[in-house]
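Undergrad: Below is a structure I'd like to ask you about.
The values are calculated or read from the model by the stated rules, or taken from the named source; none is laboratory data. What you see is a predicted model; the values in this text were computed from it and never measured. Here Cβ is always computed from backbone atoms with ideal geometry, including for glycine, and neighbour counts include all displayed protein chains. The protein model used for the area step is the full one, side chains on, heavy atoms only, and it has no ligands, DNA or RNA in it. Shrake-Rupley method; radii C 1.70, N 1.55, O 1.52, S 1.80 Å.
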Amino acid sequence: MLYYYILQVPCGLFIPSLAMGGITGRIVGILMQQLAAKHPHLWFFDNSCGLPGQEGCITPGLYAMVGAAAVLGGVTRMTVSLVVIMFELTGGVRYIVPLMAAVMASKWVGDALGKEGMYDAHIQLNGYPFLDSKEDIVHTALAADVMQPRRAENLNVLTQSSMSLEDTEILLKETEHNGFPVVVSRESQYLVGYVLRRDLQLAIENAKRTIDGLLPESLVLFTDTTQQIMPPPLKLKKILDMAPITITDQTPMETVVDMFRKLGLRQTLVTHNGRLLGVITKKDILRYIKQVDNEDPSSVLFH
């Protein structure tokens, strides 16, 4: 099934699967029609198949429809939704039972040959950070074992009132993170909030166009201040998420993985008594799950 999927042809996955299944099913239907015409008295044919005027005993179009559903079901491992799609395409209420039987049979055969459907295989092939909610994993690690980086001083953060515009732009150029935690200071590392990368970039670009006197040494503030500071600071508290999702360093990974699956998180911050220790992203979760799968769960430690 892979050969038409990897061709550089903009036809997607549904249409080739339906076409191949329809062609195969129609060939089988024509063969059955010819068999019924030559041997009408076989036990699996109706007794009236060979009589004059009985044209609709075998319908190749029905075989084509069932074959299309079977091939698409085997490729994608879809079940109920595929039967509904085929019913809506054809309007054939009478054919729901053969469609259901063909789709379930194709799924069972596909699961026997391999656990993954085409979409699941393509997600892994491209390395997309996707968490499957169906996988059951034995978790023995804690959040502190999986978080990045291992040392809090190596974490890329923004301070709430001591970084200049130049420092902030250098941090944006040297990193590719989706966002940055904001802390009180480098020394204390007490968490203040979280700011997204795109919001920070847009705010800086807009400030350069609208604020007069903004210099590279201007402070970037994530606090409310009424003091007169020269040169004029860049106030960005409005883009700061004051309540990011956080966990403690002793949170079991079972809880962390469950949070990522149910809340659709991209990252969560790891803290201890209010101090920021690290960040866990979805890619860290996938790396952890892969290591659990490759090793004995009872011996998985990430120190």
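Undergrad: Name the single residue that is farthest from residue 14 (Cα to Cα) among those in segment 114-129 being at pLDDT 75 or above and open to solvent by less than 60 Å² (accessible area, probe 1.4 Å).
TA: Once the filter is applied, the top-ranked residue is 114.
Undergrad: Next up: Can you tell me which residue within segment 142-152, out of those that are in a loop (DSSP other than H, G, I, E, B) and in contact with a strand residue (DSSP E or B) (Cβ under 8 Å, 6 or more places away or on another chain), is modelled with the highest pLDDT?
TA: 147
Undergrad: Just to be sure before I move on: is residue 132 farther than 13 Å from residue 276 by Cα, of a type in the set (Asp, Glu) and either part of a strand (DSSP E or B) or modelled with pLDDT of 90 or more (or both) in the structure I sent?
TA: The answer is no for residue 132.
Undergrad: I'd like to know if segment 89-112 contains one or more residues that are under 18 Å from residue 18 (Cα atoms), of a type outside the set (Val, Ile, Thr), at pLDDT below 85 and surrounded by 16 or more Cβ atoms within 10 Å (Cβ to Cβ).
TA: yes
Undergrad: Take the conditions in the same structural domain as residue 278 (by the TED database), of a type outside the set (Lys, Arg) and either open to solvent by 70 Å² or more (accessible area, probe 1.4 Å) or closer than 28 Å to residue 129 by Cα (or both) and apply them to residue 239. Does it pass?
TA: Against the criterion (in the same structural domain as residue 278 (by the TED database), of a type outside the set (Lys, Arg) and either open to solvent by 70 Å² or more (accessible area, probe 1.4 Å) or closer than 28 Å to residue 129 by Cα (or both)), residue 239 qualifies.
Undergrad: Is it the case, given these coordinates, that residue 210 is in the same structural domain as residue 166 (by the TED database), touching a residue at least 24 places away in the same chain (Cβ under 8 Å) and of a type outside the set (D, E, K, R)?
TA: Judged against the criteria, residue 210 is not a match.
Undergrad: Out of 154, 206, I need the residue that is more than 28 Å from the chain's Cα centre (by Cα) and closer than 30 Å to residue 130 by Cα. Which one?
TA: Exactly one residue qualifies, and that residue is 154.
Undergrad: Among the listed residues 284, 258, which satisfies the condition of being surrounded by fewer than 19 Cβ atoms within 10 Å (Cβ to Cβ) and at pLDDT below 90?
TA: One residue alone meets the criteria, 258.
Undergrad: Could I ask something else about it? Any idea how many residues of segment 173-194 are open to solvent by less than 20 Å² (accessible area, probe 1.4 Å) and of a type outside the set (Ser, Thr, Tyr)?
TA: Number satisfying all stated conditions: 7.
Undergrad: Among the candidates 209, 197, single out the residue that is open to solvent by 70 Å² or more (accessible area, probe 1.4 Å) and basic (Lys, Arg).
TA: Going through 209, 197 in turn, the sole match is 209.
Undergrad: Another one. Taking segment 75-84 on its own, how many of its residues are surrounded by fewer than 16 Cβ atoms within 10 Å (Cβ to Cβ) and part of a helix (DSSP H, G or I)?
TA: 3
Undergrad: Quick one: what pairs do we get from segment 65-89, first residue on the phi < 0 side of the Ramachandran plot, second surrounded by fewer than 23 Cβ atoms within 10 Å (Cβ to Cβ) and among the polar types (S, T, N, Q), C-beta under 8 Å, 6+ apart or different chains?
TA: Hits for this filter: 65/90; 67/24; 71/24; 73/79; 82/76.
Undergrad: Now for a different question. Take the conditions assigned by the TED database to the domain that holds residue 31, charged (D, E, K, R) and more than 19 Å from residue 29 (Cβ to Cβ) and apply them to residue 94. Does it pass?
TA: Criteria not met by residue 94.
Undergrad: Within segment 212-226, how many residues are closer than 14 Å to residue 160 by Cβ and open to solvent by 100 Å² or more (accessible area, probe 1.4 Å)?
TA: Total meeting the criteria: 1.
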